[in-house]
Amino acid sequence: MEYTLRPLTPQDGETFADYLAHLDFSHAPYFSSCFCRYYHVACSDEAWMERSALKNRSESVEAIKEGRMKGYLAFSGETCVGWLNANALETYDRLLPDLAPYAQEKKTGVVICFVLHPDHRGKGLATKMLEKALDGFKAEGFTQVLGLSTLNPEVPVARQYSGRYAMFQKLGFEDLGSVGGRQLMRKIL
C-alpha cells in the first residue's frame, strides 16, 4: 500500500484532531480523550483522568498551531491513517524526569505514540513513520533519538502505541533497559 508521510504543520491541527476523534478506542476507552497530550503534561494521574477530551483536543490544536507539538501524519490518498508524536525531549514534561539522564547534553529527540488506523496496522506503516522521523531529526541536527518500546509481544497490537521492540531493533536502536515498564531504546544519529 502506498502512503504519503509528512511532518505536521501549524495548519494541521484540525486534521490531526479529527483523525484521533474518529478512531475506535474501544480497546482502551481512556485513549479517546488523550489527543496525544499525556506525555506533554506533567500532572498526577488523578489530575490527568479529570481532564476532558475537549481540553486535550484544544490544547493539542493550539500547540500544533504554535509549533510546540510536532510529529508526522500518514495519508492513504487524502485520508489520514496515522500519527507519530516525534519531538524534542524537553517538550515531554511527563517523560523529562525519567529520560533527561539519558540525554547527556545531546540534542535528543523522542518518538512516542504511533497511532495507526486499524486497517493500516501490520503493514509496515509504523516502521516507515519511524524512518521518516529519524530522517527529520537528523536534518534538524539532533544527535540521538529515544523511544519507549513495548517488549512483550503478547500485548495486543492496538495497545502497543509506543512502538514494538522489534521495530526499534530493526532500525538500529539499542536497548538501554527498563524505564516505567517499557524498554528505553536509543539510536545515535
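Check whether at least one residue in the range 163-171 is touching a Gly at 6+ places or on another chain (Cβ under 7 Å), touching a residue at least 24 places away in the same chain (Cβ under 8 Å), aliphatic (A, V, I, L, M) and closer than 22 Å to residue 82 by Cβ, and report yes or no.
No, because not a single residue in the range 163-171 is touching a Gly at 6+ places or on another chain (Cβ under 7 Å), touching a residue at least 24 places away in the same chain (Cβ under 8 Å), aliphatic (A, V, I, L, M) and closer than 22 Å to residue 82 by Cβ.
Just name the residue that is modelled with the lowest pLDDT out of those in the range 22-57 that are small (Gly, Ala, Ser) and either loosely packed, with under 14 Cβ neighbours inside 10 Å or touching a Ser or Thr at 6+ places or on another chain (Cβ under 8 Å) (or both).
Within the range 22-57, the match that is modelled with the lowest pLDDT is 28.
Any residue in the range 1-18 that's in contact (Cβ under 8 Å) with a residue 40 or more places away in the chain and of a type in the set (Phe, Trp, Tyr): show its pairings with residues that are surrounded by 16 or more Cβ atoms within 10 Å (Cβ to Cβ) and assigned to a helix (DSSP H, G or I) at Cβ separation under 7 Å, as long as the two are six or more apart or on different chains.
Final answer for the pair search is 3/125; 3/128; 16/60; 16/64.
Sort through 166, 139 and tell me the only one that's at pLDDT below 95, among the hydrophobic types (A, V, I, L, M, F, W, C), loosely packed, with under 14 Cβ neighbours inside 10 Å and more than 15 Å from the chain's Cα centre (by Cα).
166
Take the residues in the range 79-100 that are among the hydrophobic types (A, V, I, L, M, F, W, C) and farther than 15 Å from residue 23 by Cβ, then tell me which one is surrounded by the fewest Cβ atoms within 10 Å (Cβ to Cβ).
From the range 79-100, those among the hydrophobic types (A, V, I, L, M, F, W, C) are 80-81, 83-84, 86, 88-89, 95-96, 99-100; that's our starting set.
Okay, now just the ones that are also farther than 15 Å from residue 23 by Cβ, so 86, 88-89, 95-96, 99-100.
Details: 86: 25, 88: 16, 89: 20, 95: 21, 96: 15, 99: 21, 100: 12.
Ranking the candidates gives 100 first.
The values are calculated or read from the model by the stated rules, or taken from the named source; none is laboratory data. These figures come from a predicted structure and were not determined experimentally. No Cβ is skipped: glycine too gets one built from the backbone with ideal geometry, and neighbour counts run over all protein chains shown.
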